[in-house]
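The values are calculated or read from the model by the stated rules, or taken from the named source; none is laboratory data. For clarity, every value in this text was computed on a predicted model and none was experimentally measured. Cβ coordinates were reconstructed from backbone atoms using ideal geometry, including for glycine residues, and neighbour counts include every protein chain displayed. The area values use the complete protein model at the heavy-atom level, side chains included, leaving out ligands, DNA and RNA. Shrake-Rupley method; radii C 1.70, N 1.55, O 1.52, S 1.80 Å.
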Amino acid sequence: MEYRRARPEDFGQIITLVNQSFKEEIPMEVSFPFLFHKSNDTSFVAMDNGECISFIGGVPYKVRVGTKEEYCINIGAVCTKEGYRGEGIADKLLKRALLDYRSQGLSFALISGAGSLYLKNNFTHFGEFLSYEIRDFNSISLDRESQYVISSYKKDMKSLCDIYNLYSKKNNAFLYSLNEMKILLDASAACNVMRMKQRVYLAHVDGRCTAFIVAGIKKQEDGAGRVIEAAGSPEGIIYLIKALGLMEGLNKVDFITSKADIEIQKYLDKHEVSEINNEGTYLPFNTDIEREEIPYTLNLNFV
């Protein structure tokens with residue numbers, strides 16, 4: 001058994017293995033273009049006589065954590081071929097990958113899950129967030145509601161730049177380039193995994209974009225929506241959540257925000273809320289990282 005970095009010629013086998021393992025409606029390489037690009041040499045494979053039988057996907061990012069900017073590795077699409085499972089192959093491969101990431105000077109690793117494989121390799125839960133379940137959209141009262149004009153992202157450059165400008169000002173965020181953001185938005189990555197339809201709405205006041213949300217909806221099933229990303233003025237974000245629920249005819253919208261977002265919480269005091277941790281887990285290589293300030297990572301939306 002050989003444990004090593006992925007090579008360009010491996011990705012045909014990798015894509016086949018991952019799609020057989022996860023069985024998503026939309027192929028994984030479509031939803032996560034960075035992870036499965038042939039230039040990605042920060043992923044790892046276990047090879048048995050030339051056959052890829054286990055995979056750990058890794059994508060490096062620069063992330064703003066509070067007042068600092070750090071480099072991290074985001075791990076996802078971890079899988080092992082049926083027939084090889086239960087032999088500790090993924091554990092050995094993960095240890096090999098983490099050793100490499102640590103030696104490269106990265107600050108921490110994020111992983112899209114909290115399974116026993118990750119916990120026994122010292123990954124831990126992090127971050128404290130508030131999860132709102134918003135149902136009565138008409139109960140949301142906004143002072144400037146009549147001033148807002150709403151638009152949707154239609155893969156146009158003007159909307160993309162507005163979204164990028166607002167997102168790049170967030171205190172805690174993955175620092176995508178403009179092109180990376182376009183690729184991720186156009187791929188609908190998180191929505192594909194959750195089997196939702198993506199919606200991207202922008203709020204404007206006097207011709208200036210003040211907020212945006214990226215959301216997924218399951219209109220035909222349970223009438224549910226979920227905000228995946230949001231940035232801009234608190235009132236503008238809440239306006240867009242209200243508009244999403246009403247325009248799409250949803251029964252509810254789930255919205256996760258940091259405990260530090262006091263201004264947003266003021267608008268949602270009448271709605272059901274619970275405290276949650278991040279869906280993913282993390283492993284610090286640099287003990288100075290303030291884990292509570294790491295951005296919320298929703299399953300695979302960061303890869």
| query | Just in the stretch 126-229: which trypsin sites (Lys or Arg not before Pro) are loop by DSSP and have at most 16 other Cβ atoms within 10 Å? | reply | R135, R144, K154, K155, K169, K170, R195, K219
| task | Taking the Cβ of V30 as the centre, find all other residues whose Cβ is under 12 Å away and add up their charges (Lys, Arg: +1; Asp, Glu: -1). | result | -4
| What pairs from K169/K259; K23/K158; K197/K259; K38/K154; K155/K197 go past 25 Å between their alpha carbons? | K23/K158; K197/K259; K38/K154
| said: Angle check, please: helix 157-167 long axis (alpha carbons) against the longest principal axis of the chain (alpha carbons), in degrees 0 to 90, nearest 10. | reply: 80 degrees
| field | GluC sites (Glu not before Pro) within the stretch 79-181: DSSP coil, no more than 16 neighbouring Cβ in 10 Å | value | E82, E87
| Protein chains only, probe 1.4 Å: how do D143, D91 rank by accessible area, largest first? | D143, D91
| remark: Summing +1 per Lys or Arg and -1 per Asp or Glu among the other residues with Cβ less than 13 Å from G207's Cβ gives 0
| Given a 1.4 Å probe and the protein chains all in place, what does the accessible area of S168 round to, in Å² to the nearest 10? | 40 Å²
| request: Whenever you get a sec, compute what percent of the accessible area on the stretch 32-100 sits on carbon and sulfur atoms (1.4 Å probe). | output: 50 percent
| Using alpha-carbon coordinates, inclination of helix 11-22 to the longest axis of the chain, degrees | 60 degrees
| field | Antiparallel %, DSSP beta bridges [both residues in the chain], to 5 | value | 90 percent
| remark: Within the stretch 43-131, DSSP-loop trypsin sites (Lys or Arg not before Pro) with at most 14 other C-beta atoms within 10 Å are R85, K120
| To the nearest 10 degrees, how steeply does helix 89-103 sit against the main Cα axis of the chain, on a 0 to 90 scale? | 70 degrees
| Accessible area (Å², 1.4 Å probe, nearest 10) - L185 | 20 Å²
| task | Output the Cα-based Rg and Dmax of the chain in Å, rounding Rg to one decimal and Dmax to a whole number. | result | 19.9, 66
| field | Fraction in percent of alpha-carbon pairs per bin - 5 Å, the stretch 166-238 | value | 3, 15, 22, 24, 20, 11, 4, 0
| remark: Averaged per residue, the 1.4 Å probe accessible area of the chain, protein heavy atoms only, in Å², is roughly 46 Å²
| said: As an exercise, use a Förster radius of 51 Å and the Cβ-Cβ distance of E25 and E263 to find the FRET efficiency, rounded to the nearest 0.05. | reply: 0.85
| Cα extents of the stretch 89-182 along the three principal axes, largest first (Å) | 57, 33, 23
